[in-house]
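In what follows, a structure is listed as structure tokens, so that the remarks can point back to it.
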Amino acid sequence: MNRTFVVFAGMAAAGLILVNCTQMSGAAQIAPSAKLNANAKMTPPASKPQLHRLAVQVDVNDPALMNLALNNVSNTAQHYSALGQKVEIEVVAFGPGLHMLRDDTSPVKARIKTMSETMPEVTFSACGNTRDNMTRAEAKEIPLIAQAKVTKSGVVRLMELQERGWSYLRP
């Protein structure tokens, strides 16, 4: 029992020494700047306006899903606008979802036009690979709506946005 107490007490003492050394080294790092700036006023760092970024995937040729995606986009833009915060939203369409951005088949092109006119923070990206495949399969050039910009690969575009910290949504 005595031996156990001695081992425990030794470990407790070692722990206290480590905590004390850590606190002292932290104080040593703070102290020099405090001495140099003893008369300086402490001001909080300038706050940057909050910026939110959302990438929305559309890969299904379904008008209900396309409208759901646009509802999510609209609600997100309105939410952050009401808070006075900035938001960037990019809708990326690929595979069968490219119909959302096709001028000849989009069931939501009028809504996208209106949203683009009232929400400059929203952009629409069309997958170039899908467009090329549809062009070959249909033996005609695939027209896109004016609001769509072509990206080489929709999947790669989503990956790159997420790697840059964008939030991801697949409605």
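If we only count strands (runs of 3 or more DSSP E) wholly inside region 65-171, which ones have 1 or more residues that are basic (Lys, Arg) and touching a strand residue (DSSP E or B) at 6+ places or on another chain (Cβ under 9 Å)? Of the strands (runs of 3 or more DSSP E) lying wholly inside region 65-171, those with at least 1 residues that are basic (Lys, Arg) and touching a strand residue (DSSP E or B) at 6+ places or on another chain (Cβ under 9 Å) span 86-93, 148-151. In this structure, does Asp132 turn out to be among the acidic types (Asp, Glu) and either free of Cβ contacts under 8 Å to residues at least 40 places away in the same chain or within 15 Å of Asp62 (Cα to Cα) (or both)? When the stated conditions are applied, Asp132 passes them.
Quick grid of which residues meet (1) crowded, with 21+ Cβ neighbours inside 10 Å; (2) under 25 Å from the mean Cα position of the chain (by Cα); (3) among the acidic types (Asp, Glu); (4) more than 29 Å from Gly165 (Cβ to Cβ):
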{"residue": "Val91", "(1), (2), (3), (4)": "yes, yes, no, no"}
{"residue": "Gly95", "(1), (2), (3), (4)": "no, yes, no, no"}
{"residue": "Ala110", "(1), (2), (3), (4)": "no, no, no, yes"}
{"residue": "Glu117", "(1), (2), (3), (4)": "no, yes, yes, no"}
{"residue": "Val122", "(1), (2), (3), (4)": "yes, yes, no, no"}
{"residue": "Glu138", "(1), (2), (3), (4)": "no, no, yes, yes"}
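Taken together, the values in this text are just the output of simple stated rules run on the coordinates, not laboratory data. As the structure is a computational prediction, the values presented were derived from the model and not from experiment. Here Cβ is always computed from backbone atoms with ideal geometry, including for glycine, and neighbour counts include all displayed protein chains.
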